[in-house]
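Engineer: Here it is, the structure in full.
Bear in mind these aren't lab numbers, they're just calculated from the coordinates by the rules spelled out. Computed from a predicted model, the values in this text were never measured in an experiment. Positions of Cβ are generated from backbone atoms using ideal geometry, with glycine treated the same way; all protein chains shown enter the neighbour counts.
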Ligand code: NCD
Ligand code: ZN
């Protein structure tokens, strides 16, 4: 039995840090474990320009952690080709995030017509700036469990056909259709995998009472999908890498008649992945998944600093106190078996 694992410090290739006081609160959890993270741009005022990304970058760096935020731009119809070239030249921006309008938290400024963005995709392809997609259609008439598959059929296939050199990340994949799409696409197409989509199915959300702290988007799917996601994560295929999609909301906003989508999983992030890989006899695959495949995709150097993971029980707190409020961490109250030492 392996009881200790020393790996290069991991990168989180999909993270929500928010802004204001909560930023400092969640950043300490991420900086403890990760060298870098792809920081999502869906703030209340979305990060739509290089100038906004620079100021957001500074506000993260101001906390003084040994942590490098990898910034992203929020794709809107108003994004210009000039801004895409500026983003590429900025060195701090590593991708452009596409949210279909209305699909998830803070996406109201997203894209209404994907087809109208083809000019911008062409410019991103030319400049080798990755496109990061929230791959679900936002049409309220489409069943919520079918929205990812529909996005593949309606848009992703065509985007990849038209822009074969465009680097594209299919974020937080939740279906076997998404895994198959990524496996069958060129080496330019990759995907991030969250702990919840590898560990849980929709029964963990809906059976025996609604579990709002397991609610995120894309919503958890049938177990058959979960199994395929898990297999992809531990497969050693370099197209699949770590992106936790930690997305903090106050406990009161999740335990509500209309609860927010998003799971706060950054409290125990690499430990959760260690738990998953260990349970499936794949600890030897954790290092590449967490610090190599993502870096390769984003053309980043490998982190040299190491972390040491040890087999030791840890009970995830029921609540985290934040500013006279609470945030409920993912798997609150449950015991996991790995810790950073
Ligand atoms: C994210 C958030 O809260 O910002 N929520 C989520 O359920 N994952 C947005 C997103 O990534 O969809
Ligand atoms: Zn996200």
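Here's the yes/no breakdown for (1) over 29 Å from residue 85 (Cβ atoms); (2) under 19 Å from the mean Cα position of the chain (by Cα); (3) crowded, with 21+ Cβ neighbours inside 10 Å:
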{"position": "156", "(1), (2), (3)": "no, yes, yes"}
{"position": "164", "(1), (2), (3)": "no, no, no"}
{"position": "171", "(1), (2), (3)": "no, yes, yes"}
{"position": "179", "(1), (2), (3)": "yes, yes, yes"}
{"position": "184", "(1), (2), (3)": "yes, no, no"}
{"position": "206", "(1), (2), (3)": "yes, no, no"}
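Engineer: Evaluate the following for residue 273: is it under 27 Å from residue 25 (Cα atoms), away from ligand 2 (no atom under 16 Å from the Cβ) and either crowded, with 19+ Cβ neighbours inside 10 Å or within 14 Å of the chain's Cα centre (by Cα) (or both)?
Structural biologist: Yes: the conditions hold for residue 273.
Engineer: Can you tell me which condition residue 335 does not meet? The list is (1) surrounded by fewer than 18 Cβ atoms within 10 Å (Cβ to Cβ); (2) on the phi > 0 side of the Ramachandran plot; (3) in contact (Cβ under 8 Å) with a residue 12 or more places away in the chain, and all the others hold.
Structural biologist: Of the numbered conditions (1) surrounded by fewer than 18 Cβ atoms within 10 Å (Cβ to Cβ); (2) on the phi > 0 side of the Ramachandran plot; (3) in contact (Cβ under 8 Å) with a residue 12 or more places away in the chain, the odd one out for residue 335 is (2).
Engineer: Check the range 131-154 and report whether any residue there is under 21 Å from residue 53 (Cα atoms) and out of contact with any strand residue (DSSP E or B) (no Cβ under 7 Å at 6 or more places or on another chain).
Structural biologist: Looking for residues that are under 21 Å from residue 53 (Cα atoms) and out of contact with any strand residue (DSSP E or B) (no Cβ under 7 Å at 6 or more places or on another chain), one finds none in the range 131-154, hence no.
Engineer: Do you know which residues across the range 93-109 are free of Cβ contacts under 8 Å to residues at least 40 places away in the same chain and under 17 Å from residue 130 (Cα atoms)?
Structural biologist: Residues satisfying the conditions are 96, 98.
Engineer: In the range 116-154, how many residues are within 22 Å of residue 85 (Cβ to Cβ) and either in contact (Cβ under 8 Å) with a residue 60 or more places away in the chain or away from ligand 2 (no atom under 16 Å from the Cβ) (or both)?
Structural biologist: Final tally of qualifying residues: 16.
Engineer: Would you mind stating whether residue 2 is away from ligand 1 (no atom under 16 Å from the Cβ), surrounded by fewer than 17 Cβ atoms within 10 Å (Cβ to Cβ) and in contact (Cβ under 8 Å) with a residue 60 or more places away in the chain?
Structural biologist: The answer is yes for residue 2.
Engineer: Regarding residue 51, is this residue under 16 Å from residue 244 (Cα atoms) and either surrounded by 19 or more Cβ atoms within 10 Å (Cβ to Cβ) or without any contact (Cβ under 8 Å) to a residue 40 or more places away in the chain (or both)?
Structural biologist: Spelling it out, it is not the case that residue 51 is under 16 Å from residue 244 (Cα atoms) and either surrounded by 19 or more Cβ atoms within 10 Å (Cβ to Cβ) or without any contact (Cβ under 8 Å) to a residue 40 or more places away in the chain (or both).
Engineer: In addition: Would you check which residues across the range 208-237 are at positive phi and out of contact with any helix residue (DSSP H, G or I) (no Cβ under 6 Å at 6 or more places or on another chain) and list them?
Structural biologist: Residues satisfying the conditions are 208, 209.
Engineer: Which fully enclosed strands (runs of 3 or more DSSP E) of the range 6-109 have 3 or more residues being under 25 Å from residue 191 (Cβ atoms), touching a strand residue (DSSP E or B) at 6+ places or on another chain (Cβ under 8 Å) and away from ligand 2 (no atom under 13 Å from the Cβ)?
Structural biologist: 68-74, 93-98
Engineer: I would also like to ask the following. Residues being within 16 Å of ligand 1 (Cβ to nearest atom) and not in a strand (DSSP E or B): count how many of those fall in the range 184-197.
Structural biologist: 4
Engineer: For residue 232, which of the numbered conditions (1) surrounded by 20 or more Cβ atoms within 10 Å (Cβ to Cβ); (2) within 16 Å of ligand 2 (Cβ to nearest atom) fails to hold?
Structural biologist: (2)
Engineer: Among the residues of the range 125-183, write down those that are part of a loop (DSSP other than H, G, I, E, B), farther than 18 Å from residue 111 by Cα, more than 16 Å from ligand 1 (Cβ to nearest atom) and out of contact with any helix residue (DSSP H, G or I) (no Cβ under 6 Å at 6 or more places or on another chain).
Structural biologist: Listed by number, the residues that qualify are 128, 143, 164, 167.
Engineer: Looking at the structure I just gave you, is residue 43 within 16 Å of ligand 1 (Cβ to nearest atom), crowded, with 20+ Cβ neighbours inside 10 Å and either touching a residue at least 24 places away in the same chain (Cβ under 8 Å) or within 19 Å of residue 301 (Cα to Cα) (or both)?
Structural biologist: no
Engineer: Name every residue in the range 198-240 that is within 16 Å of ligand 1 (Cβ to nearest atom), touching a residue at least 40 places away in the same chain (Cβ under 8 Å) and not in a helix (DSSP H, G or I), in order of residue number.
Structural biologist: 202, 215, 216, 217, 218, 219, 220, 221
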